[in-house]
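The values are calculated or read from the model by the stated rules, or taken from the named source; none is laboratory data. Treat the numbers as computed from the prediction; the structure is a model and nothing was measured. Every residue, glycine as well, gets a Cβ built from its backbone with ideal geometry; the counts of neighbours run over all protein chains shown. Side chains are part of the model used for accessible areas, which takes the heavy atoms of the whole protein and leaves out ligands, DNA and RNA. Shrake-Rupley method; radii C 1.70, N 1.55, O 1.52, S 1.80 Å.
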Amino acid sequence: MLPPEITRRVAIEEAATLGWERYVGLEGTVVGMHTFGQSAPFKDVEEEFGFTPKRIAAVAREAVGAKA
C-alpha cells in the first residue's frame, strides 16, 4: 500500500479503467480503455489507445511534474 502522502499515482490498465480510481486517488491518472473493446492486431490497438512506452512515460512525467 502506498502512503497517503503519495498522491501523484499512475495506473496502467490495458482493459477497463473501472475501479482504478480507488488506487490512484483524486490526483492520480489512469491510462486505459474507456470504450468497449477493439478488434485489430494488438500493436494497432496498443498504439490507438496509447499503450506505448513513449506515451506512458509522458503521462508519468506529467503526473509528477517533470520535464521531458
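Some notes on this structure:
- Nearest 10 degrees, 0 to 90: helix 53-64 Cα axis against the chain principal axis: 20
- Estimated distance in nm for a label pair at Phe36 and Glu48, the labels positioned 7 Å out from Cα along Cα-to-Cβ: 1.6
- When the Gaussian network model of the chain links Cα atoms closer than 10 Å, the mean-square fluctuations of Glu21, Glu48, Glu13 top out at Glu48.
- Accessible-area composition of the chain, carbon plus sulfur, in percent [1.4 Å probe]: 59
- Note on the chain: with charges restricted to the Cβ of Lys and Arg (+1) and Asp and Glu (-1), its dipole about the Cα centre is near 280 debye.
- For segment 18-34, putting each phi into the Karplus relation 6.51 cos²θ - 1.76 cosθ + 1.60 with θ = phi - 60° gives couplings of 3, x, 5, 4, 5, 8, 8, x, 5, 9, x, 10, 10, 9, x, 7, 10 Hz, in residue order, rounded to whole numbers and with x for Gly and Pro.
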